[in-house]
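Contents: one structure, followed by commentary.
Coordinate-derived values only; no laboratory data. For clarity, every value in this text was computed on a predicted model and none was experimentally measured. Virtual Cβ from ideal backbone geometry, glycine too; neighbours counted across all protein chains shown.
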Amino acid sequence: MLDADTAVAEALWRVTGDAEGAVAVLDSVFARVQQNPWARWSVARAARATVHLGPAGRPLAPRLEAALDDPAQAAAAVLALVAVGGPASLDRAALAEAALRSAESDADPAGACDALEALGTDALTGDQRRRLAVLADGDARVVRSGVETHVIRQDEAFRDRAQALLTPVRADSAAP
């Protein structure tokens, strides 16, 4: 039911452009998930739907901020907060931290790359850059779960994206 309501909100926005209606439906999804710990991925789906609303989804910011503590929800919530919030209102380092934790815990590595890309590498602290470099270049797999035949490809895709995120940072540190 939660995912169906998220799909309804997306359709409402895409077909009618009714941001108020889409926000109301998504808000109800976030509210109902609070009562169901088994529905944590529904928050991530609702957050991804919120991205499409852009600034019209700003009333959902408190719901999105509440999702930052759960690594399974954090990457999508960061992406949505970047889409709905004005850059001046965001604690970009804290959002980068939430996204990075999502990757480090294998909760949503691809989503973490999306979120870090949206934030920009200048949002990363020195320690966060170091941790991302460990994920990008280290021996341990980042993607450790999933369909057996896809895990290695997904891990390599994550590493490629993480290295691409670090490329401008590495270039700046190598410059004289």
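Per residue, what volume in Å³ does the convex hull of the Cα atoms of the range 96-176 enclose?
Values: hull volume 6.5 nm³, N = 81.
Convex hull volume per residue, Cα atoms: 80 Å³.
Return P(r) of the range 26-80 (all Cα-Cα pairs; 10 Å bins starting at 0; whole %; ordered from short to long distances).
Calculated P(r), rounded to whole percents: 28, 63, 9.
If I take every Cα pair under 8 Å that is 6 or more residues apart in the chain, average their sequence separation and divide by the length, what percent do I get for the relative contact order?
With pairs under 8 Å counted, the relative contact order is 15 percent.
Under the Karplus relation 6.51 cos²θ - 1.76 cosθ + 1.60, θ = phi - 60°, what is the ordered set of whole-Hz ³J(HN,Hα) values for the range 93-100, x standing for Gly and Pro?
The phi angles translate into 5, 5, 5, 4, 4, 5, 5, 5 Hz.
What FRET efficiency would be calculated for the residue pair ALA4, HIS150, taking the C-beta separation as r and a Förster radius of 22 Å, to the nearest 0.05?
Efficiency, rounded to the nearest 0.05: 0.25.
Quick one: compute a quarter of the convex hull surface over the Cα atoms of the range 75-127 and quote it in nm².
Numbers: hull surface 12.8 nm².
For the range 75-127, the mean projected area of the Cα convex hull comes to 3.2 nm².
For the range 15-72, give the magnitude of the charge dipole about the Cα centre (Cβ charges: +1 Lys/Arg, -1 Asp/Glu; no others), in debye to the nearest 20. Walk me through the numbers before you get to the answer.
On the way: 6 positive and 6 negative charges, 31 e Å.
Computed about the Cα centre, the dipole is about 140 debye.
Roughly how big is the chain's charge dipole about its Cα centre, with Cβ charges of +1 (Lys, Arg) and -1 (Asp, Glu), in debye to the nearest 20?
Once rounded to the nearest 20, the dipole reads 40 debye.
Per the helix-only calculation at 222 nm, which mean residue ellipticity applies to the chain, given -39500 (n - 2.57) for every DSSP H run of n ≥ 4 and division by its residues, nearest 500 deg cm²/dmol?
For the chain, the value works out to -23500 deg cm²/dmol.
Return the sequence-ordered ³J(HN,Hα) values of the range 73-79 in whole Hz as given by the Karplus equation 6.51 cos²θ - 1.76 cosθ + 1.60 applied to θ = phi - 60°, using x for Gly and Pro.
Residue by residue, the range 73-79 yields 9, 4, 4, 5, 5, 4, 4 Hz.
What is the angle, in °, between the Cα long axis of helix 19-33 and the longest principal axis of the Cα atoms in the chain? Nearest 10 is fine, range 0 to 90.
80
Helix 40-53 against the longest principal axis of the chain: what's the angle in degrees, Cα atoms only, rounded to the nearest 10?
80
For the peptides 28-36, 64-72, what is the packing order when you average, over each peptide's residues, the other Cβ atoms within 10 Å and list the highest mean first?
Put in order of decreasing packing, that is 64-72, 28-36.
Starting from 0 in steps of 5 Å, tell me what percent of the Cα-Cα pairs of the range 35-176 lands in each bin.
It works out to 2, 11, 20, 22, 19, 14, 8, 3, 1, 0, 0, in whole percents.
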